[in-house]
Amino acid sequence: MNDGLLLSMRGISKAFPGVQALLNVDFSLHKGEIHALMGENGAGKSTLIKVLTGVYELESGEIRLDGIDHPVVNHSPQEAQTNGISTVYQEVNLCPNLTVAENLFLGRQPKKHGLIDWKTINRKSSEILRSLDISAEPGKPLGECSLAIQQMIAIARAVDMQCRVLILDEPTSSLDDEEVEKLFALMRKLRGEGVGIIFVTHFLDQVYEVCDRITVLRNGELVGDYEVEKLPRVQLVAKMLGKEFDDLADIKSERQGSGAATEPVIEAKGLTHAGTIKPFDLTINQGEIIGLTGLLGSGRSELVRTIYGADRPTGGTLKVKGKAVNITKPLDAMKNNMAYLPEDRKRDGVIADLSVRENIILALQAKRGMFHLMSRKEMEEAADRYINLLEIKTPDREKPVGSLSGGNQQKVILGRWLLTNPDYLILDEPTRGIDIGTKTEIQKLVLKMADEGKTVTFISSEIEEMLRTCSRIAVLRDGLKVGELTGDDLTQVRIMQTIAGNQTDKEASETDGKEGADV
Amino acid sequence: MKKTTGFDWKKITHSRFFMPIVCLLLVLLVNVIQTPNFFAVSINNGVLYGYLVDIINRASELVILAVGMTLVTASSGGQDISVGAVMAVAASICCQILSGGAVSTNTLMAPIIIAFIAALVASMICGAFNGFLVSVLGIQPMVATLILFTAGRGIAQLVTKGQITYVRVDAYKVMGGYIGKCPIPTPVFFAIGVVIVVNLILKKTALGLYIESVGSNGSASRLMGLNSTRIKFLTYVILGLLSGIAGVVASSRIYSADANNIGLNLEMDAILAVALGGNNLSGGKFNLVGSVIGAYTIQALTTTLYAMKVSADQLPVYKAIVVIIIVVLQSPTFQKKIRAMRHGKAVAVNAG
Amino acid sequence: MLGKLTRAAKEKKPSAVAFLLLITILLFVVMYAVGMVVFADKGFARPQMFMNLFISNAGLIVIGCGLTIVMITGGIDISVGSVTALVCMVAADLMEHKGMSAGMALLSALLIGLAFGLVQGYLVSYLDIQPFIVTLAGLFFGRGMTAVVSTDMIAVKNPQFLQWANAKIELPIGYTNRNGAFIPAYIYPTVVVALVVVVVISIMLRRSKFGRSLYAIGGNQQSAVLMGLNVRKVKMQAYVLDGLLAGLGGFLFCLNSCAGFVEQAKGLEMDAISASVIGGTLLSGGVGTVIGTLFGVLIKGTIGSLITTQGTLSSWWVRIVLSALLCFFIVLQAIIAGVGGKKLKK
């Protein structure tokens, strides 16, 4: 059995304050294998990778590599690299100001007479690029290459540095189909050369197109290790979602009862922000929860940012409650009773240095204007109200919000927006990176808000989560809104089909049927 | 684990609040040991007299600058190093208007209020220039203000035509001297006035909160409807205005505009005051009172060093050392290293 | 979305930089040509006038090279003017009051630079303190120490030193005066040293691992770490080298002024930074050449020559024009390369 086994991780555990990120997880990788690592957000995929590459300290468990007769512990990505483990991220970690060739050889440049031998670098680079069928000029600055090429160059660098385990962490998220194909060609080529590839992705299609094996994680635990041919899509989805699947069905049915169409709150016609989102029409009715989905980089966040004025619209019209409005900055949107919970909590959400109280009242204060400062009492009451209402766990309201856990930070931001009493809430990935309990709480809160007549746009990369909460889902692809699904069309498969846009009918009906049988 | 972090936070807020006072007391202690009559205040020629009075009086310009520097630091996470030069610009414009363009004058050629306002407008323009570079173009504050740091005194020289302009009129000496029979020096009133007015603005409007919000997370602030560009810009204009006031006061003390020496090295003192006041030099939450105490501490230190026969030219050596000690203590990396050392395990500190 | 924006900004970088350098060279040629035409009667067109640019700015060229090195890593050093003053003062004091040789003075200059480089480098690279604050303290420390050594001006009369300072190296170019005699243009040894430094640093930046690491760190520090570079060590080395060059440049400066006094080289940090920025070094790091910096220094020198030759303008104009030019280039960088927004997001 040991034949061809390249990497084996046994009983890996890792805990963070408040969260058990990994519990007793096993993972193994063979030579010449493309191995998908699948799971919802928060399943523990990136933690596992980070433990393997030495970004996180190994807490318990054992990592063994082929050819090394003792357990391996990597303390840094560099150390992992010398052990033959390289990672290529979605955000390329190369230097954009240097040339392609130089990026390939940085830190290990060949020398002649004590000086860097540029001729050799460029010649060898050409050879490497040619051998891997990467169409890039060695002399071109990396920043001028497309993202796909940049990623391939990162891979080429890893391969040329004798990497045996290549980790691709969501490399396809911002690539178009053609670029993805090129990347896959490269992956297959490397597989043929005996490299073991760990492929982290959200996209089922891609898994079935290129992978040999699948390891599924859920809530930090191992669900199983499967051969691709023996695991139909629907089963994969079920394994990823696990027991929760039944829960959502329940909530879902509840939801179906309440959302009767009323008057429109948001009517966008041909709204666009040049370069990020193509003109789209979107009508959202009062009390409705509309979901936005699409691959990362498909324009879901960009669409709501344009409505909210975070990105200034470059065309189209927007009506709020039937009145034409001109929203060019967030404050305009806020004055039209909109609220926006951004995707990146750390960067765009919390003001880490400020207290819970200040974080909660800031949006309302900004709405009121500089010269109408809320009284201390008013602030404290508002803060206490939402700390209680949302069950924010904090020792007291004057704690810096940065000292709270992720889920509680998210609740603070939610409280911030609820305080402004908005008619329309945009929630961009409100449940990302927070613990399961808080996740469910937030989902329930969203449903409650809709029942109270608030209008919500809900974005999540967890489709099942949206199925649970939304009565309608709009799908985006490449910055274009490509469809809306309601009623019976609201299934995982339909959504995936719309996202992919090119699945064959046969395949579709097949999976549909299977799902029907399964659920 | 959770308990220790909670305790640490408390400790940090505490030390932040107490650091400026502790430093001040330390400096005062040294003084008392050196000069036993340090706290003695007497009345000479109808005005208050003594070491303490001298410190409070001399610190006035620095207090004014420190107030503005605190706001700029909080909003933009950087410091304005042009304040001294802007003081010189304001002083030279003020004196030049009062002297009607002559090198020296014994009668006022224009009402003081006109000259005062003109000087303030000029300094606000300087502040606006810095603010534009920082907030609109997003240039690092110190690089942006480096431009006026060097060009400012040149501009002041051009205004005074390379001379020292004297305004030998008693009315002009009031701002740096005494009002009528009041025994307290006028600059003290300026300093107190500025502190009170700015504090009132911060207490009565949301500006303080906005500044802290923008300084600690500009991107999030924008999405909450705050115009971070405008708020940053505003803090630079305020600092410009305050530098102007400080410049005129400084020039009134010596009833002249000495473009080379007015406000010399004060940028360093102002930054030092902000740091001593327990403020994080990379922005966010601020402590205005801390900065004011910091400013008095610096002046006390300066006076002490003078008393120890350190020349004005040599002062920066000591202040530079104090600055480095403070920023090292503030550095998270340094704190991490100390903690690691305490825990007795070598933690490899990786960049990024 | 952000990724795309950053990408767009980064994509622009290389071409934008070539563009900036082109502007600089063009600016220099135009400025100098205008001077040659307008002030032809005042000897602006003579080769010696050109050589004087190098003679009076030899120290600045070396200091500018050092600054370019730290700026490529994304750092800055504003202590160089004070280091120069301190170096001049200590050298003058050692030679005139302590009876030491010129060689010892040179050694002490390098040691002072090294000390500044080590301390500032450690604080910046190993304690992650903003380089601006660190070197601002360095600026005040250096200036104050100069006053501690002596508050009076010390003129250097050491014969060996003066021989170094005044050894004319005649060049085969020159001009023929009214009497028909050929008067060759000349330079001093300081110019040779400065040009050697430019060449050596230029080769180092282009063809040594250390040089390339500087660019990588300035381009994306995070990537540089992941690509296995010892970022802290390289940054430390950059500041040490910068300090050494400031010490050497300060000594060249002293050879030009032959004196030490407290107010010496005030604002020199500004000249050096301007030269570097005007020469195409990005304030955000990752891009820059010492050849560009050389041109930056020449532009600064030309502005000085033009204003001095013109005769009626105050010498303060040199600094004001230079500041305006720096401001122009900074704004240009901010607009073209999108430096501003990105910097904030980091």
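Counting Lys and Arg as +1 and Asp and Glu as -1 over every other residue whose Cβ lies under 11 Å from the Cβ of C:Gly260, the net charge comes to -4.
The overall shape of region B:231-317, judged from the alpha-carbon gyration tensor, is oblate: a/c is not under 1.5, and a/b is no greater than b/c. Packing, as the average of other Cβ atoms within 10 Å across residues, places the peptides A:404-415, C:67-78 in the order C:67-78, A:404-415, highest first.
Computed from the C-beta positions of B:Arg230 and C:Met31 and an R0 of 35 Å, the FRET efficiency is 0.40 to the nearest 0.05. Electrostatic bookkeeping for B:Ala85 treats Lys and Arg as +1 and Asp and Glu as -1; over the other residues with beta carbon under 15 Å from its beta carbon, the sum is -3. For the peptides A:95-106, A:125-136, the ranking by packing is A:95-106, A:125-136, with the highest mean count of neighbouring Cβ atoms within 10 Å listed first.
For chain A, the longest principal axis of the Cα atoms and the long axis of helix A:118-131 meet at an angle of about 80 degrees. The Rg/Rh ratio of region C:14-340, with both radii computed over alpha carbons and Rh defined as the Kirkwood radius, is 0.98. Annotation: region B:45-178 has a Kirkwood hydrodynamic radius of 16.3 angstrom, from the mean reciprocal C-alpha pair distance. Using every pair of separate Cα atoms, the Kirkwood estimate puts the hydrodynamic radius of region A:350-420 at 11.7 angstrom. Past 20 Å, Cα to Cα: identify those pairs from A:Lys50/A:Lys230; A:Lys45/A:Lys182; A:Lys377/B:Lys203; A:Lys319/A:Lys481; A:Lys50/A:Lys239; B:Lys232/B:Lys285, in the order given. Cα-Cα > 20 Å for A:Lys50/A:Lys230; A:Lys45/A:Lys182; A:Lys50/A:Lys239; rest within.
Take every pair of alpha-carbon atoms less than 8 Å apart whose residues are at least six positions apart; their mean separation over the length of chain C yields a relative contact order of 32 percent. When the alpha carbon gyration tensor of region A:5-243 is reduced to an equivalent ellipsoid, the three semi-axes, largest first, read 32, 21, 15 Å.
The C-alpha atoms of chain B define a longest principal axis, and helix B:83-98 lies at about 20 degrees to it.
Shielding by partners for peptide C:92-104, expressed as the average number of C-beta atoms from other protein chains within 10 Å of each residue's C-beta, is 0. Adding -39500 (n - 2.57) for every DSSP H run of four residues or longer, then dividing by how many residues chain B holds, sets the calculated 222 nm ellipticity at -22000 deg cm²/dmol. Between beta-carbons, use under 11 Å as the cut-off and find the net charge around C:Ala216, counting Lys and Arg +1, Asp and Glu -1. Here the charged neighbours net out to +1.
For q = 0.11 Å⁻¹, what log10 I(q)/I(0) does chain A give under the Debye formula with an equal point scatterer on each alpha carbon and no solvent? Debye intensities relative to I(0), on a log10 scale: -1.06. Between B:Thr73, B:Thr302, B:Thr107, the GNM of chain B built on Cα springs shorter than 10 angstrom shows B:Thr107 fluctuating the most. Expressed per residue, the C-alpha convex hull volume of region A:275-408 stands at 147 Å³.
Only helical runs count toward this figure. For chain C, summing -39,500 (n - 2.57) over DSSP H runs of n ≥ 4 and dividing by all residues gives -25000 deg cm²/dmol at 222 nm. For the protein assembly as shown, a Kirkwood hydrodynamic radius built from all Cα pairs, placed in the Stokes-Einstein relation at 37 °C and 0.692 mPa s, yields a translational diffusion coefficient of 99 µm²/s. Projected onto planes of every orientation and averaged, the convex hull of the alpha-carbon atoms in region B:17-315 covers 15.4 nm². Each listed q (0.17, 0.25, 0.28 Å⁻¹) maps to a log10 I(q)/I(0) for region C:30-93, found by the Debye formula over equal Cα scatterers with no solvent: -0.77, -0.98, -1.11. Peptide packing: for A:24-32, B:277-285, the average count of neighbouring Cβ atoms within 10 Å per residue gives the ranking B:277-285, A:24-32, highest mean first.
Taking the longest Cα principal axis of chain A as reference, the axis of helix A:244-258 is set at about 30 degrees.
Each Cα pair under 8 Å and six or more residues apart adds its sequence gap; the mean of these over the residue count of chain A is a relative contact order of 14 percent. Peptide B:195-206 is shielded by partner chain Cβ atoms: per residue, an average of 2 of them sit within 10 Å of its Cβ. Taking chain C, the Cys residues with no second Cys beta-carbon under 4.7 angstrom are C:Cys65, C:Cys258, C:Cys327.
Backbone geometry of region B:217-228 corresponds, through the Karplus equation with coefficients 6.51, -1.76 and 1.60 at θ = phi - 60°, to 3J(HN,Hα) couplings of 7, x, 5, 5, 4, 4, 6, 9, x, 8, 8, 5 Hz, x marking Gly and Pro. Its residues counted as N, region B:177-273 yields a C-alpha radius of gyration over 2.2 N^0.38 Å of 1.36. Shielding of peptide B:152-163 by partners, expressed as the average count of other chain Cβ atoms within 10 Å per residue Cβ, is 3.
Against the compact-protein benchmark of 2.2 N^0.38 Å, the Cα-based radius of gyration of region A:319-367 scales to 1.34.
Its Cα centre serving as origin, the protein assembly as shown has a Cβ charge dipole (Lys and Arg +1, Asp and Glu -1) of approximately 3340 debye.
Here, each number is a calculation from the coordinates, and none is a lab measurement. Keep in mind it's a predicted model, so treat the numbers as computed, not measured. Please note: Cβ atoms are built from the backbone with ideal geometry, for glycine as well, and neighbour counts cover all protein chains shown.
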